[in-house]
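What follows is calculated from the coordinates using simple rules that are stated; it is not laboratory data. Bear in mind that the values here come from a model prediction, so they are computed numbers and not experimental data. Heads up, the Cβs are rebuilt from the backbone with ideal geometry, glycines too, and the neighbour counts pull from every protein chain shown.
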Amino acid sequence: TFTPSGTQDVNIVSPIPLEITVEAAATSVVTRVASAVTSHILVAANVNRKGLLLYNDGNATQYVKLGTVATLTDFTVPLTPRMFYEVSAPIYLGQIDVISSSTNGAIQVTELS
């Protein structure tokens, strides 16, 4: 029986080699999308997207859906006020919609390509 304490080095051995690919982004486009209580496009589909960062700069909760037609009950992630969200790999390339609990604020969108 081994009980770890402090910092431990760990070697992971796998019969299948792990491939990690990191792509650099050459372009960053930042937009501010105003809150609305109806579903609307937050980010259009983009086959060149390499990263996406979202920040809710308002006081309302923003319901973001990786897909079309976000609702208060059909969404991917709720962005509470002052919350930051990074879309994780594999990066979703399709349209992203949003709906807000009120019209107070906006989402800062940074799209990397």
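Here are some notes:
- Once the C-beta distance of Glu23 and Phe84 is scaled by a Förster radius of 22 Å, the resulting FRET efficiency is 0.55 to the nearest 0.05.
- Residue separation of Ser102 and Thr68 scaled by 0.36 nm, minus their Cα-Cα distance, works out to 10.3 nm of gained length.
- Taking label points 7 Å from Cα along the Cα-to-Cβ direction, Leu93 and Ala36 give a separation of 2.6 nm.
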